Amino acid sequence: MDQALLVGLGLQASFETISASLDELESLAAALDIQTKEKVIQRAKTISPRFYIGSGKVAEIKTMITALEIDIVIFDDTLSPAQLKNLEKSLDIQVIDRSFLILSIFSERAQSKEAVLEVALAQKTYMLPRLVGMRNSLSRQGGGSYNAKGPGETKLELDRRRLLNDIYQIKQSLIKINRDKETARKQRQKNKIPVVALVGYTNAGKSSTMNSLARHLQHNSDPVLEKDMFFATLDTKAKKLQKSNQPPFILIDTVGFVAKLPHELVRSFETTLSDVVAADLLIHIADGAAFDLRQIETTKAVLQSMGADHIERLLVLTKKEIAPHVPNIEEDYLFISNRTDENIPELVDAIYGHLYKDSRIQTLKIPFDQGQVFSIIKENNTILESRYEDDGIYVKAILTPEQTTLFRRWIINNKTAS
């Protein structure tokens with residue numbers, strides 16, 4: 001197992017903020033079986049163009065590398081190509097940054113063709129301006145955990161022309177995948193099935209919430225992976241869920257976010273994240289037990305950068321059963337437990353309340369020879385009243401605007417739903 005030294009630089013941020021960011025970096029490193037041996041924080045007014053940190057701190061780190069038998073140095077922020085090259089030369093050891101670490105994790109976890117292509121695109125885009133520094137880094141013979149993962153695993157030839165060609169080919173493949181997804185998306189829109197996307201910080205409980213909702217709505221499919229680690233899964237999962245006597249909706253579990261998410265990754269994952277941008281409702285999942293407002297703000301910032309900040313968002317905190325206290329947040333939220341199912345029924349009601357807030361109570365008179373219409377309404381809607389008369393079936397039900405248009409010929413009077 002590789003032994004790492006983590007480095008953080010504080011400009012405007014408080015010591016607590018920098019320390020918390022390094023703790024998160026430690027968790028990211030652990031996801032690749034890299035053990036953190038020591039953390040170094042430097043306070044400075046400006047960033048050094050040459051080393052990112054000051055030359056005196058570089059000399060201090062070099063001494064620590066020998067004394068602590070460090071295998072790899074990981075910086076908490078993205079390094080420029082020149083900084084990477086200069087640090088490798090001065091420290092004579094592997095140097096990577098948070099962006100490269102996250103890309104390596106994604107490389108290991110990607111399974112679907114779409115995710116594999118998106119990760120490869122992000123890696124190659126990241127490496128393109130860093131050819132010299134990465135060539136030095138990948139040529140080093142260190143421990144097993146870092147060197148066996150990420151771009152080193154693919155034995156990339158660090159040639160600019162080859163990388164550019166690879167990037168072009170991957171983009172063409174992703175365009176085709178995106179076309180196929182757009183076709184499926186249009187079919188869902190044609191069928192008027194709304195989409196609910198689970199978004200939030202990695203390891204906040206998105207997959208657990210998806211499994212809870214599916215279990216509560218008696219959806220008999222395999223549960224999605226739940227694991228206490230960063231980026232346990234990258235592949236988008238979708239389930240069609242439906243409450244009894246209510247219309248269905250598509251629930252999508254998306255890739256988790258993290259602070260300082262590499263720009264290359266956000267751009268490369270446009271195909272996956274397009275599900276978020278096209279959603280009708282976002283369920284923003286946050287960890288209620290280890291509550292951190294910064295994680296909520298990070299998710300909001302990523303949504304804004306994706307152009308998804310205009311979509312209606314419902315904040316949901318998880319892990320209520322182990323939370324030490326009720327978090328104090330200015331916006332409304334639901335506090336749930338995926339272990340005990342506490343407030344899961346309320347979450348289902350909230351989802352329907354958001355998706356179908358424009359639904360109305362309608363009274364219909366359905367002729368007996370149109371019995372299939374009554375069957376459709378009974379299966380997909382809340383029936384408030386129904387009776388058989390001599391001239392047909394009288395039904396009072398809550399209909400969506402689309403259903404109101406579809407069944408307009410049988411509606412005899414309108415009334416706003418309470």
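Bear in mind that the values in this text are calculations on the coordinates, not laboratory data. Bear in mind that the values here come from a model prediction, so they are computed numbers and not experimental data. Note that each Cβ is placed from the backbone with ideal geometry, even for glycine, and that neighbours are counted across all protein chains shown.
Odds and ends about this structure:
- Highest mean packing comes first when the peptides 92-101, 307-316, 273-282 are listed by Cβ atoms within 10 Å, giving 92-101, 273-282, 307-316.
- Comparing PRO129, PRO194, PRO401 in a Gaussian network model of the chain, where Cα atoms under 10 Å apart are tied by springs, the biggest mean-square fluctuation is seen for PRO401.
- Near VAL395: Cβ cut-off under 10 Å, other residues only, Lys/Arg at +1 and Asp/Glu at -1. The net charge is +3.
- Pairwise alpha-carbon distances in region 192-355 exceed 26 Å for 20% of all pairs.
- Of all lysines in the structure, the ones whose alpha carbon falls short of 19 Å from that of LYS240, not counting any fewer than 8 places away in one chain, are LYS181, LYS186, LYS190, LYS192, LYS206, LYS378.
- Residue (of ILE344, LEU164, THR298) at the positive-pole extreme of the chain, dipole from beta-carbon charges: LEU164
- Within the shell defined by Cβ-Cβ distances under 10 Å, the residues around LEU303 carry a net charge of +1, with Lys and Arg each +1 and Asp and Glu each -1.
- Listed by chain and number, the lysines whose C-alpha is less than 18 Å from the C-alpha of LYS37, apart from same-chain residues fewer than 8 away, are LYS57, LYS62.
- Protection proxy ranking for 74-86, 32-44, using the average of other Cβ atoms within 10 Å per residue and placing the highest first: 74-86, 32-44.
- Residue among ARG360, ARG387, ARG162 with the largest mean-square fluctuation in a Gaussian network model of the chain, springs linking Cα atoms under 10 Å: ARG387
- The GNM of the chain, with springs linking C-alpha atoms under 10 angstrom apart, assigns the highest mean-square fluctuation among ILE344, ILE329, ILE283 to ILE329.
- If you take all other residues with their beta carbon under 11 Å from the beta carbon of LEU334, and give Lys and Arg +1 and Asp and Glu -1, the sum is -3.
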